[in-house]
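*Asks:* After the structure tokens below, expect a handful of questions from me.
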Amino acid sequence: MKLFNIPYLLLAAILLVTFSSVSVGDIENMSGMRFVQLVRGGLLYDNWASELGIRVEGNHPAYPDTGRQKGPDTWRCKECHGWDYKGKAGAYARGKHYTGIRGVRDYANQDPSLIVEILKNDTHNLTDKLTENDFDALAMFIAYGQIDVDLYIDRKTKRSIGEASSGGRIFLSTCIKCHGADGKEINMGDDNKPEYVGTAANDNPWETLHNIRWGHANTPMISLVFLGLKEQLDVLSFCQALPQ
Ligand code: HEC
Ligand code: HEC
């Protein structure tokens, strides 16, 4: 085989161009420490204090007096910006999680160093709590990890556009280990108001999709972000078909 003939050189050139045109933001192609940081960022967005074992006291200073949450929850990114990343323009437009604060969608695909600056501002009040590494992870998530959920989950019916039958193959070989085949092995609520995978996925599909993609802060739950978004949505659809 002649390795250096013209077709091979052409192929090499095409590969080179293809790979160099893939931006660092393309998570399908991200690897190594950048990928580690991205996934950690997804977990920190969920609950950085519990994930990092940091105690936070009282309400976050930027949490509105009129808000109905109290204490450590008010420090979670999701509490002000939403599981759908849309803040007051999304699921938290009303109800017990309303804050009137905007979402983080405008910072998707933005330069992570700009996002770090925002996270270090007085509003966020985090500089004495997080390390440079944590800020970087959160910025990676905001820039490259978040997605426009309205393209995949119907806002009114809350249904995921995935295929439950395909999702079953993933759930029944991975999630099953902890949650059981019917998703009821762990009760995430209490005896009076049990909450299973099926309950969570129908009640708050945006949160479940976030958990499917990144895992669940401060638990051994795995992340499926190495799979394509389609497969993640298939898993969400399967979860929505589980008993509540
Ligand atoms: C207690 C509420 C609160 C919490 C918790 C919070 N933020 Fe914010 N965030 C704000 C406010 C207020 C703004 C300013 C936006 C505005 O004008 O309402 C903001 C702005 C932002 C912006 C810029 C959005 C834009 O379009 O201007 C980003 C990005 C952001 N926050 C990320 C985060 C991340 C990541 C976390 C978790 C570490 C977090 N925030 C936690 C209140 C909060
Ligand atoms: C290694 C164990 C483990 C695996 C594997 C696992 N989970 Fe979990 N999961 C957990 C734990 C622990 C919790 C948190 C339980 C609690 O809050 O009490 C959790 C929470 C959840 C929640 C609820 C989030 C909430 O707070 O309402 C959902 C939904 C969920 N998992 C779905 C899945 C799906 C889908 C898979 C497969 C992709 C999966 N889990 C795989 C351990 C696991």
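Only the coordinates and a few stated rules stand behind these numbers; no lab work does. Since the structure is predicted, the reported quantities are computational estimates derived from the model, not experimental observations. Here the Cβ positions follow ideal geometry from the backbone for every residue, glycine too, while neighbour counts run over all protein chains shown.
*Asks:* Please arrange Cys178, Cys80, Cys239 by counting, for each residue, the other beta carbons lying within 10 Å of its beta carbon, fewest first.
*Replies:* Cys178, Cys80, Cys239
*Asks:* Report the equivalent ellipsoid semi-axes for the stretch 151-240 in whole Å, largest first, defined as the square roots of five times the eigenvalues of the gyration tensor built from alpha carbon atoms.
*Replies:* Values: eigenvalues 70, 49, 30 Å².
Largest first, the stretch 151-240 gives 19, 16, 12 Å.
*Asks:* Can you give the local net charge around Thr131? Use residues other than it whose beta-carbon is closer than 14 angstrom to its beta-carbon, Lys and Arg +1, Asp and Glu -1.
*Replies:* Values: positive: Arg40, Lys120, Lys129; negative: Glu51, Asp128, Glu132, Asp134, Asp136.
Value of the local net charge: -2.
*Asks:* About the Cα centre of the chain, what is the dipole size in debye to 20, counting +1 per Lys and Arg Cβ and -1 per Asp and Glu Cβ, all else neutral?
*Replies:* Around 400 debye, computed over the chain.
*Asks:* Moving to a separate point now. 222 nm [θ] for the chain, helices only, -39500 (n - 2.57) per DSSP H run of 4+, per residue, to 500?
*Replies:* -11500 deg cm²/dmol
*Asks:* While we're here: Give, as a single signed number, the net charge of other residues whose beta carbon lies under 14 Å from the beta carbon of Asn187, with Lys and Arg counted +1 and Asp and Glu -1. Spell out each step's value before the answer.
*Replies:* Details: positive: Lys184, Lys193; negative: Asp182, Glu185, Asp190, Asp191, Glu195.
Residues close to Asn187 contribute a combined charge of -3.
*Asks:* Now for a separate question. Which listed residue (Asn59, Thr99, His81) has the Cα farthest towards the positive end of the charge dipole for the stretch 41-110, taking +1 on Lys and Arg C-beta and -1 on Asp and Glu C-beta about the Cα centre?
*Replies:* Towards the positive end, the residue furthest out is Thr99.
*Asks:* Note down the Stokes-Einstein diffusion coefficient of the stretch 55-106 in µm²/s, whole number, using a Kirkwood radius over alpha carbon pairs, 37 °C, and 0.692 mPa s.
*Replies:* In µm²/s, the coefficient is 305.
*Asks:* Quick one: plug the Kirkwood hydrodynamic radius of the stretch 79-136 (C-alpha pairs) into Stokes-Einstein at 10 °C, 1.306 mPa s, and report D in µm²/s. Mind showing how you got there, number by number?
*Replies:* Details: Rh = 12.3 Å.
Estimated via Stokes-Einstein, D reaches 129 µm²/s.
*Asks:* Something else now. Search the structure for amide H atoms under 5 Å from the amide H of Gly82, placed 1.01 Å from N in the peptide plane, and list their residues when 5 or more places away or on another chain.
*Replies:* Result for Gly82 returns Gly87.
*Asks:* Report the equivalent ellipsoid semi-axes for the stretch 29-146 in whole Å, largest first, defined as the square roots of five times the eigenvalues of the gyration tensor built from alpha carbon atoms.
*Replies:* Those come to 23, 17, 12 Å.
*Asks:* Semi-axes, largest first, in whole Å: what does sqrt of 5 times each Cα gyration tensor eigenvalue give for the chain?
*Replies:* Its equivalent ellipsoid spans semi-axes of 33, 26, 16 Å.
*Asks:* Separate question: Once phi is turned into θ = phi - 60°, what whole-Hz ³J(HN,Hα) does the Karplus curve with 6.51, -1.76 and 1.60 give for every residue of the stretch 166-181, x standing for Gly and Pro?
*Replies:* Working through the residues one at a time gives 6, x, x, 4, 7, 4, 6, 10, 10, 4, 3, 4, 9, 9, x, 4 Hz.
*Asks:* Further question on the same structure: Scan the chain and note any complete DSSP helix (H) whose C-alpha atoms cover at least 18 Å along its axis and whose Kyte-Doolittle average is 0.0 or more.
*Replies:* Both cut-offs are met by 6-20, 32-52.
*Asks:* On to the next question. From the residues Leu130, Met140, Ile153, which one has its Cα farthest along the dipole of the chain in the positive direction, the dipole being from +1 and -1 charges on Cβ of Lys/Arg and Asp/Glu about the Cα centre?
*Replies:* About the Cα centre, the residue reaching furthest to the positive side is Ile153.
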